[in-house]
Amino acid sequence: MKKPAFRKKPGTPDTARGAGGTGTFDGAPAGAAPAAPRGSGAARTTRSLLAAAVVLAAVFGIAELRKPAAPAAADRATATSAQVERTAVVCPQPLQGLTGATTLTAYTPPGAGAGDGTAGSGWISDAAAPAAAPAAPAAPSAPATPAANGAPTPAAPAAAVDKNTAPADARLTLAKPGTPVSAPAANSDLAPGAGAVATGALAPGFTVTQTTTVTEQRGLGLSGITCTPSGTGFWFAGASTAEGRTDYVSLVNAESTAAVVDIKLYGDKGLIENDAANGITVAPGSSQSVLLPTISKGQVADLAVHVVARSGRVGAALHAADGSKGADWVPASADPAPVQVMPGLPADTSAAHLVVWAPPEDDADLKIELSGKNGWFVPAGNESIHVKAGMVASVDLGKVTRDEVAGLRVSPSDDKHPTPVVAGVRVDRAGANGKSDAAWLAGTAPVGARATVADNRGGGPSTLFLTSTGEAATVRVTASAGTGGGTPATKEVQLPAGGTVALPAPEPTGLNGSFALTVETVSGGPVVAARMLALPTKDVPMFTVQSLRDDRSTVKVPQASQDPGVVLR
C-alpha cells in the first residue's frame with residue numbers, strides 16, 4: 001500500500017530532502033561546514049554523560065554532607081501566616097432597570113498591611129479582561145529617530161500593561177486603608193459588571209459593596225451585595241420562575257481567557273434538563289445576564305441554582321425580583337454541608353420562606369431552629385423539613401421571629417445521618433400601607449478573625465445581627481471614618497451561647513458620607529453576622545441584608561525543608 005503524501009503548507013520553504021530548496025534535511029544551513037564523523041559525535045556524547053554524572057554525584061554528596069539545621073519544634077508543627085498581597089473581586093451587573101441608581105463602595109480596614117502601610121493601590125472599573133503585554137512588533141511602529149552621531153535610534157517599544165495599576169478609566173480609586181471610597185456604577189439597563197483589585201497594603205481585607213435602589217414597579221426594592229472573588233462553582237437557594245418573578249443569573253468574566261459555564265437548576269422534581277443551560281461562553285472582560293425562565297421548563301416555585309465553570313473562572317450572582325413585592329440579590333450559599341446557618345432575620349419579619357436542596361446521593365431530614373436572645377429553640381409548628389435526594393423542598397415559616405431578631409439553622413435530625421445541603425430563606429417586611437420589600441439570606445460561614453461590610457449610611461439605617469453558634473462570645477465592632485470624614489468608633493458586644501443580638505451600627509463621630517463596619521471575634525464563638533440596611537423610599541420599607549464572612553486577609557505559608565534528593569528527580 002502506498003504511504004499517504006504530506007502536503008506542504010502554502011508559503012513554507014522547501015527544506016526537506018530532495019525538494020530542491022535552499023536548506024538541508026537535518027536543518028543545517030546551506031554552506032555550513034560538513035558534519036563531524038559519526039564516531040566523533042558518539043565520543044563527545046559519552047564524555048558529556050560522564051561529566052554530567054560526576055557533577056550530579058558531587059552535588060548530591062555536598063547536599064548530604066551539609067544537612068540543614070533542624071527547624072524549631074513550633075516551626076515544624078505550624079505554618080506561617082502572611083498578609084495577602086493582592087485581592088480581586090467581581091461585582092455583578094447592577095440590574096437597575098432604566099431609573100435605578102447603583103453605588104459602589106470600596107474599603108480596606110487599617111492593619112498590618114504590606115510595606116509601610118501606604119504602598120499599594122485599589123480600584124474598581126467596569127469589567128474588562130486584564131491586558132497582556134504586547135508582543136514585540138516585527139518592524140518599528142514609528143520611524144527611527146536619528147541620534148547625534150547620525151546613527152538611527154530605534155523607536156521605543158510599547159510599554160507593557162501593569163495589571164496591578166489602576167486603569168485610567170477606573171470608576172474609583174482607594175487611597176489608603178481605613179477610609180472608604182464611593183462612586184456611582186454605570187447607568188442604564190445594560191450596565192456591565194465591575195472588577196475590583198487591591199494590592200500591597202490595600203489588599204488585606206479589601207471589601208466592595210454594591211447597593212442599588214429601584215423605584216419603578218418592575219424590580220422595585222433595595223438590592224445589595226458584597227462582591228466576591230471569581231470562582232468555578234456557586235450555589236444559590238431561593239430562586240424561582242413562578243408567575244411574577246423575574247430572576248437572572250449574572251455572569252461576569254474579569255479574566256483574560258474565555259469561560260464556559262453550565263447552569264444547573266433543581267426543583268421539587270430534581271434536576272431540570274435543558275441544553276440551553278449548558279456551554280454558555282462568557283468572553284474575557286464581558287458580562288451576561290441569563291433569565292431563568294429561558295433555561296427552565298415551565299413555572300417552578302422554588303429552585304436551587306448551581307453555576308459551574310467547566311473552563312475558566314467567573315463571578316456569578318443571582319438577582320430575584322418579585323414584581324412590586326420586592327427585589328434583592330440572592331447571596332451565594334456556603335458549600336453544601338450538614339449544618340447551614342442563616343443570620344439576619346429582622347424582628348418585624350412579616351413572612352419567611354425556607355428553601356433547601358439535598359444532593360442526589362441521599363435524602364435529608366433536618367430540624368429547624370431559631371437563635372433568639374437566650375439561645376437556640378425550635379419554632380412551634382415548623383420543627384423539621386424532609387428533602388428528597390437531588391430535589392428541593394420548602395416550608396413557609398410565617399412570622400417566625402415574633403418581634404424578636406433571630407438567626408435560622410438547619411441541621412441533621414439524626415447526628416448519625418448527616419447529609420450536606422444548601423439552604424436559603426426569603427424574608428419579607430411589610431409597611432403600614434401594605435407595601436413590602438424582600439431580602440434573601442443564605443447559609444454562611446463564620447466571620448472568623450475579621451469581616452467587613454461597606455456602604456453604611458448615617459442616621460441609623462444599618463443594623464448588625466450577631467449570632468454565636470457555639471459558646472458565648474465577645475465581638476468587637478468598628479465603624480470606619482466616613483467617605484467624607486469622621487472619627488472611627490469601636491464597641492464590644494457580648495453574645496450568649498447560641499444567642500442572637502441586634503444592635504444599631506455604631507457610627508463614626510462627625511460622620512460625613514457613608515462608612516464601613518468591621519466585625520472581629522475577640523473570644524468564644526464561632527460567630528456569624530449579617531448587616532441590614534433599611535432605606536424606606538416612597539412608602540416602601542426597602543431593605544437589604546448581607547452576611548459578613550472572614551475577609552481572608554492572611555494566608556498560611558507552609559514550612560519548607562531542604563531535600564537533597566530533588567537533584568535526582
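The values are calculated or read from the model by the stated rules, or taken from the named source; none is laboratory data. Everything quoted here is computed from the prediction, not taken from an experiment. With ideal geometry, Cβ positions are generated from the backbone for all residues, glycine too; neighbour counts draw on all protein chains shown.
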Legend entry - Out of Ala101, Ala170, sole residue that is surrounded by fewer than 17 Cβ atoms within 10 Å (Cβ to Cβ), within 25 Å of the chain's Cα centre (by Cα), modelled with pLDDT of 90 or more and under 30 Å from Val330 (Cα atoms): Ala101
Inset, instruction - Tell me which of these Thr419 doesn't satisfy, since it passes every other one: (1) free of Cβ contacts under 8 Å to residues at least 24 places away in the same chain; (2) buried (at least 16 other Cβ atoms within 10 Å of the Cβ); (3) among the polar types (S, T, N, Q). - result: (1)
Inset, instruction - Report, by residue number, each residue of the stretch 207-262 that is within 12 Å of the chain's Cα centre (by Cα), modelled with pLDDT of 95 or more and outside any strand (DSSP E or B). - result: Cys227, Pro229, Ser230, Thr232
Inset, instruction - State yes or no: is Asn456 touching a Ser or Thr at 6+ places or on another chain (Cβ under 8 Å) and crowded, with 20+ Cβ neighbours inside 10 Å? - result: yes
Inset, instruction - Enumerate the pairs (first residue in the stretch 390-410 and within 16 Å of Thr500 (Cα to Cα) and touching a residue at least 24 places away in the same chain (Cβ under 8 Å); second residue anywhere and among the basic types (Lys, Arg) and in a loop (DSSP other than H, G, I, E, B)) with beta-carbon separation below 7 Å, excluding pairs fewer than 6 apart on the same chain, so at least 6 apart or on different chains. - result: Glu404/Lys373
Inset, instruction - Examine the stretch 482-500 for a residue that is under 14 Å from Pro346 (Cα atoms), of a type outside the set (S, T, N, Q) and either without any contact (Cβ under 8 Å) to a residue 24 or more places away in the chain or in contact with a strand residue (DSSP E or B) (Cβ under 6 Å, 6 or more places away or on another chain) (or both), and state whether such a residue exists. - result: no
Inset, instruction - With the checklist (1) of a type in the set (A, V, I, L, M, F, W, C); (2) closer than 22 Å to Phe465 by Cβ; (3) within 25 Å of the chain's Cα centre (by Cα) in hand, flag the one item Trp357 doesn't pass. - result: (2)
Inset, instruction - Inspect all residues belonging to the stretch 356-369 and state whether any of them is surrounded by fewer than 23 Cβ atoms within 10 Å (Cβ to Cβ) and without any contact (Cβ under 8 Å) to a residue 12 or more places away in the chain. - result: no
Inset, instruction - Give the residues of the stretch 370-384 that are surrounded by fewer than 21 Cβ atoms within 10 Å (Cβ to Cβ) and either in a strand (DSSP E or B) or touching a Phe, Trp or Tyr at 6+ places or on another chain (Cβ under 7 Å) (or both), sorted by residue number. - result: Gly372, Gly375, Trp376, Phe377, Ser384
Legend entry - Val425 being more than 28 Å from Pro204 (Cα to Cα), touching a Leu at 6+ places or on another chain (Cβ under 6 Å), at pLDDT 95 or above and not polar (S, T, N, Q): yes
Legend entry - Residue check, Val477 within 28 Å of Leu517 (Cβ to Cβ), buried (at least 17 other Cβ atoms within 10 Å of the Cβ) and over 24 Å from the mean Cα position of the chain (by Cα): no
Inset, instruction - Considering only the stretch 278-294, state which residues are surrounded by fewer than 21 Cβ atoms within 10 Å (Cβ to Cβ), of a type outside the set (Ser, Thr, Tyr) and outside any strand (DSSP E or B). - result: Asn278, Gly279, Ala283, Pro284, Gly285, Pro293
Inset, instruction - Find all pairs meeting these conditions: Cβ atoms under 9 angstrom apart; at least six residues apart or on different chains; first residue within the stretch 175-202 and farther than 12 Å from Ala106 by Cβ and in a strand (DSSP E or B); second residue modelled with pLDDT under 90 and of a type in the set (Val, Ile, Thr). - result: Thr199/Thr165
Inset, instruction - Assess whether Arg409 counts as being buried (at least 22 other Cβ atoms within 10 Å of the Cβ) and farther than 21 Å from Gly221 by Cβ. - result: yes
Inset, instruction - Spot the failing condition for Ala473; the list is (1) farther than 23 Å from Ile225 by Cα; (2) assigned to a loop (DSSP other than H, G, I, E, B), and only one is missed. - result: (2)
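Residue-by-condition table, conditions (1) more than 30 Å from Pro508 (Cβ to Cβ); (2) touching a Ser or Thr at 6+ places or on another chain (Cβ under 7 Å):
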residue	(1), (2)
Asp169	yes, yes
Ser182	no, yes
Ala186	no, no
Leu202	no, yes
Gly238	yes, no
Arg245	yes, no
Ser256	yes, no
Legend entry - Hits in the stretch 263-277 - residues which are among the charged types (D, E, K, R), exposed (fewer than 15 other Cβ atoms within 10 Å of the Cβ) and modelled with pLDDT of 95 or more: Asp268, Lys269
Legend entry - Every residue from the stretch 515-535 that is of a type in the set (Ser, Thr, Tyr) and either surrounded by fewer than 24 Cβ atoms within 10 Å (Cβ to Cβ) or over 22 Å from Gly485 (Cα atoms) (or both): Thr521, Ser523
Legend entry - Residues within the stretch 372-396 that are more than 16 Å from Pro343 (Cα to Cα), at pLDDT 95 or above and either of a type outside the set (A, V, I, L, M, F, W, C) or over 29 Å from the mean Cα position of the chain (by Cα) (or both), tallied: 8
Legend entry - Where Asp414 falls short, out of the listed (1) surrounded by fewer than 15 Cβ atoms within 10 Å (Cβ to Cβ); (2) acidic (Asp, Glu); (3) within 19 Å of Pro346 (Cβ to Cβ): (3)
